[in-house]
Structure formats: structure tokens, C-alpha cells
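K.L.:
Could you have a look at this structure, given as C-alpha cells, before my questions?
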Amino acid sequence: MSILSQLNSPVLYLICGGIVLAVALMCVVFALRAYRIGRAIGMDVTKMRRTVVASATFAVLPSVGILLGVIALSGSLGTPWPWLRLSVIGALHYETQVAEAAAEAVGIHGLSASQMTAKAFSTIALLMSVCIMWGMVFSIFSCKRYTSRLSAGKSGSGEKKRSAFSGFGDTAMTAMFIGLVSAYIGSYVGTFVSGGGRFAFAGDWLPLAVAAVGALAMWVFLKIRDRFDAAWIDSFSIAGSMLIAMTAAIFLARLR
Amino acid sequence: MNEEKKQALYAQYLESTHRLGRLFSVLTLLMLLSAPFVIGAYLDALPDMGSFWRGFLSIGLVYLVSCVAEYLIYVPMLGAGGSYLAFITGNLINMKIPCAVTARDIVGAKSGTAENEIISTLSIATSSLVTIVVLALGVLLLIPLQPILQSPALQPAFDNVVPALFGAMACKYYRGNFKIAALPLCVMSLLFVFVPSLVGSTSFMILPSGAIAIGLAWLLHRRRAAEEGSAL
């Protein structure tokens with residue numbers, strides 16, 4: 001029996017599928033609790049439904065991207081393990097890197113089915129699990145304290161502190177997100193300008209061009225929303241912009 | 001229901017969210033860490049702990065630092081319920097964070113409020129379930145779907161999911177916040193241009209970029225507050 005047949009055996013599907021199912025149930029429990037408490041404290045049910053619709057539409061395209069990560073890893077690690085990793089804790093951009101690095105650490109040159117052994121697989125699987133588990137570990141030990149401190153910071157201890165910080169929480173969150181987006185857009189600029197040698201303008205320009213198309217598409221969606229007072233468009237504008245930008249990537253890539 | 005009762009109910013909800021979040025996180029950790037051993041026992045090849053520790057020392061510590069940064073940045077954005085779920089289900093940067101922030105904006109929830117906590121949890125739970133369903137369907141249909149999804153013509157589209165996402169998000173958030181966005185964008189662009197090797201550490205660069213943006217936002221906030229004060 002080849003190693004890939006072993007890694008794709010029904011028993012592995014059962015083990016990994018069971019964990020995925022358990023995590024799906026956790027999501028359902030959290031969603032139901034949030035919905036119920038929202039109703040109980042008088043939140044607008046329409047808002048909660050819009051959240052569910054917007055999040056579901058938003059998640060489809062990135063999920064297909066994540067599925068590609070499963071396919072990419074399935075050639076060397078079988079299908080069940082990458083399926084589990086990318087459904088639970090894992091992240092598309094980390095998982096492949098960690099798997100590659102873990103493979104090297106156990107003495108395999110890159111991820112390849114021809115060199116994979118059962119022992120190497122179980123060691124890589126353990127490394128993949130341990131390397132990216134820390135967010136969950138920190139949550140267990142400090143999420144309560146951390147969120148309580150954040151709330152205390154928002155309410156402030158004195159009148160002066162309260163007045164200085166009042167209304168800044170939302171701006172700070174927006175600013176943090178702007179910082180996050182800026183770091184990534186900046187990396188696309190750097191990749192293009194200096195990716196092929198400093199100031200050579202010979203690096204990969206596709207991510208920057210795709211980001212620009214995504215931004216343009218979003219600008220059109222926002223204009224339509226404002227012009228026709230169509231607030232519903234917000235639920236689909238990100239997914240729509242991504243779809244347009246990803247389609248553009250197919251055509252732009254031919255120009256490279 | 002009066003306001004006091006609502007607040008008590010919400011406090012009770014938060015308390016049980018932490019209990020449940022911790023319980024679910026511990027359970028997920030146990031399942032994830034035991035899976036390689038269970039699979040190893042089934043394959044008659046338990047993990048090689050010597051190789052594991054060597055690997056952990058070479059790559060694990062890097063991810064540990066990255067996870068600390070992510071934890072500090074994302075928890076304030078996601079709230080309690082959202083954070084537990086997001087760290088259990090993963091894919092934060094390319095899905096959960098933008099999804100929760102977008103949902104918050106769509107309904108106009110203010111940070112630190114009960115509404116924000118609930119919207120964030122709903123958003124992350126929904127997006128996680130969608131991913132789980134898409135991946136399960138994809139795995140089920142892997143053989144017929146593989147040639148389509150892996151066709152060379154479609155590769156550029158799937159290689160650029162994150163740029164497509166951040167381009168759209170940049171337009172949405174830069175618009176109306178350009179004074180906050182201009183400096184971090186310029187600084188980050190210049191930094192990556194002058195030190196292109198930093199591209200591999202973009203997730204670490206979120207911290208300085210976010211700090212610049214928050215610093216600017218704070219200055220603008222104070223100036224606006226001072227102007228409003230003098231106008232009164």
C-alpha cells in the first residue's frame with residue numbers, strides 16, 4: 001500500500017472529519033448563543049440577519065482559495081490532514097510554509113510524496129499542529145483578562161481620561177485595520193519596485209494590479225450605493241469586488 | 001426588559017462565553033495535538049520527537065512570535081466570542097478579520113459595545129461554517145473539481161485572493177480616512193521598497209503600520225475634540 005493510499009484511508013477521513021465536525025458544532029453553538037442574546041437585549045434582528053448574509057457571501061471566495069491550499073498539500077500529505085488543518089486553526093498562507101519547513105526538519109527535501117514516510121508524516125503533522133496553536137493557547141489563559149482590560153480602558157478611570165478617550169475606540173479599530181491593509185499594500189509596492197533588484201521595477205506587479213482593480217471595483221460599488229441609496233449592496237460589495245479583481249488577475253497574468 | 005436587566009443578561013452572556021470559549025479551545029487543542037499520535041499509532045509510526053524538537057526550534061519559535069503579535073492586534077477587533085472562535089478556526093488575515101470588520105461596518109456597531117461583540121461572533125461563526133462546508137464539499141468533489149480548480153488559466157485568480165481582498169478593503173477604508181491612511185501607506189511602501197526582504201515578514205509589519213495609523217488617528221481625534229471644545 002503506497003503512503004498516499006495510507007494517508008487517504010477512510011480511518012484518516014474519520015479522524016479528521018470528526019474533528020472538523022466538532023469545530024463546526026462549536027461555531028453553531030457560538031452563533032446561536034450570539035443570536036439569542038442579541039434578541040434578548042433588544043438588538044435589531046434585521047442587522048443580525050444582514051451580518052449572517054454578508055459574512056456568508058464574503059466567505060465563499062476566500063474559502064475556494066483555501067480549498068486550493070488543501071488540493072496543493074494533498075499531493076504529499078494526503079487529503080484528510082490538509083482538510084483538517086485548513087478547516088481548524090490553520091491559515092492558507094502559513095500552512096504550506098510550515099509544512100515545507102517541517103518536511104525539511106524531518107529530513108525530506110521539500111514536500112514530496114515520493115520521499116514521504118509514515119513517520120515523517122506523523123512528525124510533520126505534529127509540528128504543523130504545534131507551530132500555529134499559540135493564538136488558542138493565549139485565548140485560554142488571557143482572553144478574559146485582556147478583553148476586560150480593554151473594556152476598562154474604554155470606560156476610563158477618571159473624568160479626564162474618559163473625556164480624552166471618549167469616542168476614540170472605533171477610530172482606533174479603524175486605524176488598526178488601515179495599518180494592516182497598508183502593510184499588505186506596501187508589500188505589493190515593494191515586491192513590484194524592488195522584488196527583482198532594488199528599484200529595478202522588475203518584480204511581480206500582478207498583486208499590486210489586482211489590488212488596484214479590487215479598489216476600483218469597490219469604488220464603483222460605493223458610488224452605486226451612494227447614488228441609488230442602495231445600502232443592501234454593502235452585503236455583496238467586498239465579495240463582488242474580489243470576484244472582479246480575481247477575474248482580472250486571469251487576464252492580467254497573460255501580460256506578464 | 002429594562003436596561004439594568006439587559007446589562008445583567010449581557011454580563012452573564014460574556015462570562016459564559018469565556019467559560020465556553022476556554023472549554024472549546026482546550027478541547028480543540030487536545031483533539032489537534034492527539035490527532036498526529038492517533039494517526040501515527042494507526043500507521044504504526046509515531047512522531048519522531050527528536051525531529052519534532054529540532055523542527056520546533058527552527059520554525060516553531062518564529063510562529064510563536066507571530067502568534068503573539070496577531071493575538072494582541074486581533075482580540076480588540078474581534079471581542080471575546082469572536083476571538084475564541086477565530087483562533088480555533090484560523091484563516092484570520094485572509095478571512096475572519098476583514099469579514100468581522102466589514103460586518104461591523106455594515107450594521108454600524110461601535111467598538112466595545114454588546115452589539116459589536118454579537119455581530120463579530122455571528123460574523124466569524126458564519127464565515128467559519130461557510131469555509132467548513134466549502135472545504136467539505138470540495139474534498140467530497142475533489143476528483144471532478146481538481147482539473148477545474150487547478151487549471152493553469154485559473155491559477156492567477158486563486159494566487160491573488162488576498163491582494164483582491166485588500167485592494168477592495170483599502171478603497172473602503174482609505175475613503176474618508178485618507179489623513180490616517182496616507183502616512184502608514186507611504187512608510188510601508190518605502191520600507192518594502194528599500195528592504196524588499198521584509199516582504200516575507202509582512203505580518204510582523206502590521207504592528208508598526210498599525211501603531212503609526214493609531215498615533216495619527218489619536219492626534220486627529222485630539223485636535224477635533226479641542227476644536228469642538230473651543231467652538232462651545
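The values are calculated or read from the model by the stated rules, or taken from the named source; none is laboratory data. These figures come from a predicted structure and were not determined experimentally. Reconstructed Cβ throughout: ideal geometry from the backbone, glycine too, with neighbour counts over all protein chains shown.
K.L.:
Regarding the stretch B:29-47, can at least one residue be identified that is in a helix (DSSP H, G or I), facing another protein chain (nearest Cβ under 7 Å), in contact (Cβ under 8 Å) with a residue 24 or more places away in the chain and touching a Cys at 6+ places or on another chain (Cβ under 9 Å)?
P.N.:
Scanning the stretch B:29-47 turns up no residue that is in a helix (DSSP H, G or I), facing another protein chain (nearest Cβ under 7 Å), in contact (Cβ under 8 Å) with a residue 24 or more places away in the chain and touching a Cys at 6+ places or on another chain (Cβ under 9 Å).
K.L.:
In addition: For the stretch A:195-254, enumerate the residues that are of a type in the set (D, E, K, R), closer than 19 Å to residue B:171 by Cβ and touching a helix residue (DSSP H, G or I) at 6+ places or on another chain (Cβ under 9 Å). Steps first, answer last, please.
P.N.:
We begin by selecting, within the stretch A:195-254, every residue of a type in the set (D, E, K, R); these are A:198, A:204, A:223, A:225-227, A:229, A:234, A:254.
So of that shortlist, the ones also closer than 19 Å to residue B:171 by Cβ come out as A:223, A:225-227, A:234.
The answer is A:225, A:234.
K.L.:
Here is a further query. Restricting the first residue to the stretch A:165-188 and requiring it to be more than 7 Å from chain B (Cβ to nearest Cβ) and more than 20 Å from residue B:96 (Cβ to Cβ), which pairs with a second residue that is at pLDDT below 85 and outside any helix (DSSP H, G or I) meet a Cβ separation below 9 Å and a spacing of at least six or different chains?
P.N.:
A:165/A:156; A:166/A:156; A:167/B:110
K.L.:
Something else: Is it the case that residue B:58 is farther than 14 Å from residue A:132 by Cβ, outside any loop (DSSP other than H, G, I, E, B) and of a type in the set (Ser, Thr, Tyr)?
P.N.:
Here the answer is yes, as residue B:58 does meet what is asked.
K.L.:
Which one of the conditions (1) crowded, with 17+ Cβ neighbours inside 10 Å; (2) among the hydroxyl-bearing types (Ser, Thr, Tyr); (3) out of contact with any Ser or Thr (no Cβ under 8 Å at 6 or more places or on another chain) does residue A:114 fail to meet, given that it meets all the rest?
P.N.:
The one condition residue A:114 does not meet is (1).
K.L.:
Can you tell me how many residues within the stretch B:177-219 are closer than 29 Å to residue A:196 by Cα, more than 8 Å from chain A (Cβ to nearest Cβ), over 18 Å from the mean Cα position of the chain (by Cα) and touching a residue at least 24 places away in the same chain (Cβ under 8 Å)?
P.N.:
Qualifying residue count for the region: 1.
K.L.:
Follow-up. Taking the stretch A:189-214, which residues are assigned to a helix (DSSP H, G or I), more than 7 Å from chain B (Cβ to nearest Cβ) and of a type outside the set (Gly, Ala, Ser)?
P.N.:
Once the filter is applied, which keeps residues that are assigned to a helix (DSSP H, G or I), more than 7 Å from chain B (Cβ to nearest Cβ) and of a type outside the set (Gly, Ala, Ser), the stretch A:189-214 yields A:192, A:208.
K.L.:
Something else now. Name, by its number, the condition in (1) in contact with a helix residue (DSSP H, G or I) (Cβ under 7 Å, 6 or more places away or on another chain); (2) at pLDDT below 90; (3) more than 7 Å from chain A (Cβ to nearest Cβ) that does not hold for residue B:159.
P.N.:
(1)
K.L.:
Let me ask something additional. Based on what the data block shows, is residue B:169 assigned to a helix (DSSP H, G or I), facing another protein chain (nearest Cβ under 7 Å) and at pLDDT below 95?
P.N.:
So residue B:169 passes the test.
K.L.:
Please go through (1) surrounded by 19 or more Cβ atoms within 10 Å (Cβ to Cβ); (2) at the interface with chain A (Cβ under 7 Å from one of its Cβ atoms) for residue B:116 and return the number of the only condition it doesn't satisfy.
P.N.:
Every condition holds for residue B:116 apart from (2).
Residue-by-condition table, conditions (1) farther than 17 Å from residue A:23 by Cβ; (2) of a type in the set (A, V, I, L, M); (3) out of contact with any strand residue (DSSP E or B) (no Cβ under 8 Å at 6 or more places or on another chain); (4) surrounded by fewer than 23 Cβ atoms within 10 Å (Cβ to Cβ):
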residue: A:72; (1), (2), (3), (4): yes, yes, yes, yes
residue: A:78; (1), (2), (3), (4): yes, no, yes, no
residue: A:103; (1), (2), (3), (4): yes, yes, yes, no
residue: A:108; (1), (2), (3), (4): yes, yes, yes, yes
residue: A:127; (1), (2), (3), (4): yes, yes, yes, no
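K.L.:
Also, quick follow-up: Given (1) buried (at least 23 other Cβ atoms within 10 Å of the Cβ); (2) under 22 Å from residue A:242 (Cα atoms); (3) small (Gly, Ala, Ser), identify the lone condition not met by residue A:56.
P.N.:
(1)
K.L.:
Next question. Can we say residue A:179 is within 19 Å of the chain's Cα centre (by Cα), in a helix (DSSP H, G or I) and under 30 Å from residue B:114 (Cα atoms)?
P.N.:
Yes; evaluated as a whole, the condition is true for this residue.
K.L.:
Still on this structure, please answer the following. Of B:69, B:45, B:86, which residue is in contact with a Lys or Arg (Cβ under 7 Å, 6 or more places away or on another chain) and surrounded by fewer than 20 Cβ atoms within 10 Å (Cβ to Cβ)?
P.N.:
Numbers: B:69 fails: in contact with a Lys or Arg (Cβ under 7 Å, 6 or more places away or on another chain); B:86 fails: surrounded by fewer than 20 Cβ atoms within 10 Å (Cβ to Cβ).
Of B:69, B:45, B:86, the one residue that is in contact with a Lys or Arg (Cβ under 7 Å, 6 or more places away or on another chain) and surrounded by fewer than 20 Cβ atoms within 10 Å (Cβ to Cβ) is B:45.
K.L.:
Moving on to the next point. Applying the selection to the stretch B:132-156, what residues are assigned to a helix (DSSP H, G or I), among the polar types (S, T, N, Q) and at the interface with another protein chain (Cβ under 7 Å from one of its Cβ atoms)? Outline the logic, then answer.
P.N.:
Kept after step one, since they are assigned to a helix (DSSP H, G or I), are these residues of the stretch B:132-156: B:132-140, B:142-149, B:155-156.
Subset that is among the polar types (S, T, N, Q): B:146, B:155.
The one that is assigned to a helix (DSSP H, G or I), among the polar types (S, T, N, Q) and at the interface with another protein chain (Cβ under 7 Å from one of its Cβ atoms): B:146.
K.L.:
I would also like to ask the following. Please go through the stretch B:37-68 and give me each residue that is under 30 Å from residue B:130 (Cβ atoms) and touching a Ser or Thr at 6+ places or on another chain (Cβ under 7 Å), ordered by number.
P.N.:
B:39, B:66
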